[in-house]
Structure formats: C-alpha cells, structure tokens
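These notes concern the structure reproduced below.
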Amino acid sequence: MKTDALLETAAKAARLAYAPYSNYQVGAALLCADGDVFTGCNVENASYGLTNCAERTAIFSAIAAGRKDFVAMAVVAGGESMPYPCGACRQVLSEFCHGEFSVYIAKADALEDYEVVCLAALLPQQFKLTD
Ligand code: THU
C-alpha cells in the first residue's frame with residue numbers, strides 16, 4: 001500500500017475513536033509485509049488511565065490476528081500538533097518491529113504534509129529483558 005493510502009486509512013480509523021474525555025481523535029494503520037493493514041483508534045475510559053492509544057489498538061489487533069510481520073505504520077490525529085506516538089506506544093512497537101520500521105505521522109487536515117521517522121529514531125535504547 002502506498003503512503004498516501006496508508007495515511008487515509010489511519011485518518012478513517014481516527015473517525016472511529018472513542019474519545020469523549022479528550023475530544024482528541026487518533027487513528028493508526030499498521031501495514032504488514034504482505035500488504036494487509038490493521039487499524040486502530042484511541043479508546044478512552046472514565047477511569048482515564050485505562051485509555052488505549054490508537055497505535056496500541058492497531059498492534060494488539062494485528063497480534064490477535066496472528067500477525068507480526070510489520071513494516072510501517074501511519075498515525076493521524078486532529079488537533080494542532082503532529083501526533084508523534086507516546087512513549088508507551090514506542091516501547092510496544094519496539095517489541096515487534098525493527099529499528100527501520102517506518103512511522104508516517106500527519107495531522108488529519110493536512111495528510112500530504114506527513115513526516116516519516118524510523119522506530120530507532122523514535123526510541124533509541126528501548127527496554128529489553130535480554131539481548
Ligand atoms: N493518544 C493516542 O491515541 N496515541 C498516542 O500516541 C498518544 C495519545 C490518545 C490517548 C487519549 O485518548 C488521547 O490521545 C489524549 O491523550
């Protein structure tokens with residue numbers, strides 16, 4: 001899938017966000033090596049700490065479908081700033097993805113102005129139990 005289509009898919013996923021507390025809608029689209037795409041949105045909770053980010057929703061959905069062959073992710077959100085993945089999502093990505101894994105990031109109203117950054121740059125020296 002091309003980058004613009006992956007970003008569009010993430011933007012569509014963001015529209016499904018359950019975000020009544022922050023009103024901040026995030027969508028993620030996770031691309032597998034064979035072209036399959038798993039999407040996710042943020043899912044908030046009245047007990048705020050139980051909220052799940054869009055990126056982790058997409059990863060967990062893919063893992064639950066038996067997939068681990070990830071090559072890229074697009075993340076799209078409304079709002080003023082670029083939706084760089086939070087630290088928790090970076091760590092979860094690092095569990096399954098190599099440093100060269102590409103993350104495409106864009107604001108919902110300007111998908112064409114996306115940024116691309118690799119996981120190694122987003123999370124150098126990730127936590128590992130063993131080498
Ligand atoms: N959020 C994400 O979905 N991804 C991130 O990487 C950071 C934050 C969501 C969680 C919450 O629903 C809202 O954005 C505000 O923090």
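Looking at ASP131, is it part of a loop (DSSP other than H, G, I, E, B), open to solvent by 40 Å² or more (accessible area, probe 1.4 Å) and either under 17 Å from ALA5 (Cβ atoms) or touching a residue at least 60 places away in the same chain (Cβ under 8 Å) (or both)?
no
Please give the number of the condition ILE63 fails out of (1) closer than 22 Å to THR9 by Cα; (2) within 13 Å of the ligand (Cβ to nearest atom); (3) hydrophobic (A, V, I, L, M, F, W, C); (4) out of contact with any Pro (no Cβ under 9 Å at 6 or more places or on another chain).
If we test ILE63 against (1) closer than 22 Å to THR9 by Cα; (2) within 13 Å of the ligand (Cβ to nearest atom); (3) hydrophobic (A, V, I, L, M, F, W, C); (4) out of contact with any Pro (no Cβ under 9 Å at 6 or more places or on another chain), just (2) comes out false.
Mind checking whether some residue in region 111-125 is over 19 Å from MET1 (Cβ atoms), away from the ligand (no atom under 12 Å from the Cβ), at pLDDT below 95 and surrounded by fewer than 16 Cβ atoms within 10 Å (Cβ to Cβ)?
yes
Give the residue that is nearest to the ligand (Cβ to nearest atom), with candidates limited to residues of region 10-53 that are open to solvent by 60 Å² or more (accessible area, probe 1.4 Å) and among the acidic types (Asp, Glu).
Looking at the filtered set, the residue picked out is ASP36.
Mind checking which residues of region 64-110 are closer than 14 Å to ALA33 by Cα and surrounded by 16 or more Cβ atoms within 10 Å (Cβ to Cβ)?
Correct list: ARG67, PHE70, VAL71, ALA72, MET73, PHE96, CYS97, PHE101, SER102.
The values are calculated or read from the model by the stated rules, or taken from the named source; none is laboratory data. These numbers were taken from a predicted model, which means no experiment stands behind them. Every residue, glycine among them, receives a Cβ derived from its backbone with ideal geometry; neighbour counts consider all protein chains shown. Ligands, DNA and RNA are excluded from the accessible area calculation, which covers all protein heavy atoms including side chains. Shrake-Rupley method; radii C 1.70, N 1.55, O 1.52, S 1.80 Å.
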